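Structure, as structure tokens:
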Amino acid sequence: MVKEKIKFGGYNPPEGFFRAEERSLWQRKPIDTPGWVSEFGELHGLKNIEPQNQLEIQPYTVTSAETYEAEDGNPFRDGSENDITVGLDAKIGVTNDLTLDLTVNPDFGQVEADPSAIALDGFQIFFREQRPFFVENKNIFDFRVSQSEAGDTFGFDNIFYSRRIGRSPQGSPDTGDGEFVDQPDNTPIIGAAKFSGKTKNGWAIGVLESVTAKKYALIRNEAGEERREVVEPLTNYFVGRLQKDFNNRNSYIGGIFTATNRDNLTQELDFLHKSAFTGGIDFKHQWNERDWYVGGNITFSHVSGSEEAIKHTQESITHLFQRVGADHVELDSTRTSLTGSGGNIQIGKVGNGHWKFESGATWRSPELELNDIGFQRQADDIRHYTWIGYQTLKPDSTFRRVGINYNHWSAWDFNGNHNVLRFNTNSWQNWKNNWFSNLGITFTAMQYSNFALRGGPRLRQSPGINMWNSVSTDRRKKMSFSMFQRTSRAFDNSNRFYYVEAGVTYQPINALRVSAFPSLSTNNDKLQFIDNFDDVNGSPRYLNGHIQQRTLSMSFRLNYTINPNLTIQYWGQPFISRGRYSNFKNIVNPVAKHFDDRFQLYDESQVSFADDTYSIDEDVNGTEDFSFDNPDFSFVQFRSNLVIRWEYIPGSEIFLVWSQDVSQDGDPSDGLLSSLGDNIFGQKPQNIFLLKATYRFVL
């Protein structure tokens, strides 16, 4: 037999490297095989390759210049700023499987900015991690409280959310008239170390230690007198993760522990926890060639701090212990700690045939608190979910593959209230021409919210229907299109929502890729929360209104690889969201079956408007019962990043970065497009220019 000699990237295999009996064809795995990457295959036959001990040290320096619109009289906003910083990154290959990453004063100026977003429900918005130090081996540190989204956004809840490290300062100074503030934009990471990897024996190991700096805001009055206030304390973050595969990789058991400790909290920062600890144990067992599985986890949290800090946590939207009618929780202003638990249990079938399913339950106790170093939207929730899916395994004259799914889920609080009941069916299609499409419909049979009135009573929300569909053309073509739309509507017309996004991706050559995706959403909700008040007699008022919100944005992206060592990346997004309120109302019977019975609508004789303030006179006796600021808004923003990367020698890079940011409050009475143009193109943007240079030493 003739043996063909092949070169692999400069490595010339010796004689006998390939033997005839070792040659085989790459076998395609059936599409219903459980697993994904783990089933890609194995490569045998590589011999006499000696691993290299890896030690990389990469110092860097960053020069930055910032320009923006100057503010008259503000000594901290004179129109420009300049800075220079230095830092160091290092990577040590401890073994073939385990790596130690070190960073001192890291800079992530070349990282793309977060997209613009507005949340009217009061909950925090989840943003994905983009910083390279935290992205590498991110999967090892992952510990989701719910392995399934359970029909909602619970899939984001995680014990470790790396965006907490280096976050914007959480404090803000108290200022008087004639005082100006120099507030830091972010909290520098003094240093961080990460030891992570997975051994050939099935041990996944992750240890992360990070310290962020103490930051001050500088306040100066018109007389030139200055003072400082702490807006972020010196903080230590620790994460330890361990997981072990066994039973021929069919099972695993693992655990995680995190600790957040803040040093010397001042009176201004007394609302923060002094310390926060979380832990969890997870497991999974698969059998019948990984067709069936059972898995789950248990999570614990303990936070401690001053009475003010724990009271602040109890009153946050995640918990709302003060809410009316919640007999199973109580706001205790003398407590100095909270201890909670959560978890998930599920069983399912994922392969070997047409049918798949999963069923399980997830819960979060009222005192569970993960947000010091994790991500959690709400506590006090018990949820059951079931999913059943059918998929075709062979192509026909129309489709390559088709899937049809059914879901239902229910939610209760720890007081036994049944808050949610939803049913869903959806289908996805891979067409013969390699187009993709999907469509789905969700029926909400029942829905109550413990959080909609932000401390008020449990609110009944009307049954309704939610539908979506999408289509995308063959992405292998030079030009491809995609479209997604979603609509929801209450049966009694109390709320309506519509969102559409459509875009094009064009790749004329392998080196160049351009895409543009505009989107538009409309939100009409007759019970949009505004604020809670006490009237002149001390009686509570839960003020809501009819919001008409319009949001328009477009994401534009360009990637150009001039050669492997020189690349250009650009991302830009204009964004505007405008909301107009009318038909103000007070919630009087929050659980009434009929929508109009849940509130008292204020008519024109009870409402007056002057100096951008609404006044309410409920009994029309000429005496104001309460007032509130005009809630209308128009938020306009343009963000962009241009990054030119040059790898001038292997591993050493120069980044030239230009970031722009225009953020304005527009006039809510203006049109959407005119307000977008006036507040972006007619304003001086904030420009940030960075020149970052790194040099890589390999030892």
Single residue of ARG128, ARG144 found to be surrounded by 16 or more Cβ atoms within 10 Å (Cβ to Cβ), of a type in the set (D, E, K, R) and at pLDDT 90 or above
ARG144
Out of PHE156, PHE108, PHE143, PHE195, which single residue is within 26 Å of ARG454 (Cα to Cα) and aromatic (Phe, Trp, Tyr)?
PHE156
Any pair with Cβ under 8 angstrom, 6 or more apart, that starts in region 407-424 at a residue that is without any contact (Cβ under 8 Å) to a residue 60 or more places away in the chain and ends at one that is basic (Lys, Arg) and in a loop (DSSP other than H, G, I, E, B)
ASN417/ARG458; ASN419/ARG458
Pairs needed: first member in region 110-131, free of Cβ contacts under 8 Å to residues at least 40 places away in the same chain; second member anywhere, of a type in the set (Val, Ile, Thr); C-beta distance under 6 Å; at least 6 residues apart or different chains.
ALA117/ILE125; ALA119/ILE125; GLU129/VAL135; GLN130/VAL111; ARG131/VAL111
Of all residues in region 521-539, which are under 30 Å from PHE497 (Cα atoms) and of a type outside the set (A, V, I, L, M, F, W, C)?
SER521, THR522, ASN523, ASN524, ASP525, LYS526, GLN528, ASP531, ASN532
Condition check for ASP114: modelled with pLDDT of 80 or more, farther than 22 Å from ARG696 by Cβ, of a type outside the set (A, V, I, L, M) and surrounded by fewer than 13 Cβ atoms within 10 Å (Cβ to Cβ):
no
Reported set for region 642-682 where residues are within 30 Å of GLN54 (Cα to Cα), part of a loop (DSSP other than H, G, I, E, B) and either at pLDDT 95 or above or open to solvent by 70 Å² or more (accessible area, probe 1.4 Å) (or both) is PRO650
I want to confirm something. Restricting to region 95-144 and keeping residues that are outside any loop (DSSP other than H, G, I, E, B) and among the aromatic types (Phe, Trp, Tyr), which single residue is farthest from GLY254 (Cα to Cα)?
PHE133
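For residues that are in a loop (DSSP other than H, G, I, E, B) and open to solvent by less than 40 Å² (accessible area, probe 1.4 Å), tally how many sit in region 422-459.
Matching residues across region 422-459 total 8.
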As an exercise: evaluate ILE373 against (1) within 26 Å of VAL420 (Cβ to Cβ); (2) touching a Lys or Arg at 6+ places or on another chain (Cβ under 6 Å) and give the number of the one condition it does not meet.
(1)
Looking at ALA119, ALA150, can you tell me which residue is at pLDDT below 90 and either in contact with an Asp or Glu (Cβ under 8 Å, 6 or more places away or on another chain) or open to solvent by 30 Å² or more (accessible area, probe 1.4 Å) (or both)?
ALA119
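In region 211-235, how many residues are out of contact with any Gly (no Cβ under 7 Å at 6 or more places or on another chain) and surrounded by 15 or more Cβ atoms within 10 Å (Cβ to Cβ)?
12
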Within region 518-547, count every residue that is open to solvent by 50 Å² or more (accessible area, probe 1.4 Å) and more than 30 Å from THR623 (Cα to Cα).
2
Search result, residues across region 265-311 that are in a loop (DSSP other than H, G, I, E, B), out of contact with any strand residue (DSSP E or B) (no Cβ under 9 Å at 6 or more places or on another chain), open to solvent by 40 Å² or more (accessible area, probe 1.4 Å) and within 27 Å of GLU232 (Cβ to Cβ)
ASP270, PHE271
Can you tell me how many residues in region 473-507 are outside any strand (DSSP E or B), open to solvent by 50 Å² or more (accessible area, probe 1.4 Å) and of a type outside the set (Lys, Arg)?
3
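Would it be correct to say that ARG550 is touching a residue at least 60 places away in the same chain (Cβ under 8 Å), closer than 25 Å to ASN630 by Cα, assigned to a strand (DSSP E or B) and open to solvent by 30 Å² or more (accessible area, probe 1.4 Å)?
Considered against the rule, which asks whether it is touching a residue at least 60 places away in the same chain (Cβ under 8 Å), closer than 25 Å to ASN630 by Cα, assigned to a strand (DSSP E or B) and open to solvent by 30 Å² or more (accessible area, probe 1.4 Å), ARG550 comes out as yes.
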Quick check on my filter: what residues within region 64-111 are of a type in the set (D, E, K, R) and crowded, with 17+ Cβ neighbours inside 10 Å?
ASP89, LYS91, ASP101, ASP107
Residue list for region 236-260, filter: in contact with a helix residue (DSSP H, G or I) (Cβ under 8 Å, 6 or more places away or on another chain) and surrounded by fewer than 16 Cβ atoms within 10 Å (Cβ to Cβ):
ARG249
Only one of GLY572, GLY579 that is farther than 15 Å from PRO668 by Cβ and either within 28 Å of the chain's Cα centre (by Cα) or at pLDDT below 95 (or both)
GLY572
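The values are calculated or read from the model by the stated rules, or taken from the named source; none is laboratory data. Quick caveat, the model's predicted, so the values are computed rather than measured. Neighbour counts are summed over all protein chains in view; Cβ atoms, including those assigned to glycine, are modelled from backbone coordinates with ideal geometry. These accessible areas exclude ligands, DNA and RNA; they are computed on the full protein's heavy atoms, side chains included. Shrake-Rupley method; radii C 1.70, N 1.55, O 1.52, S 1.80 Å.
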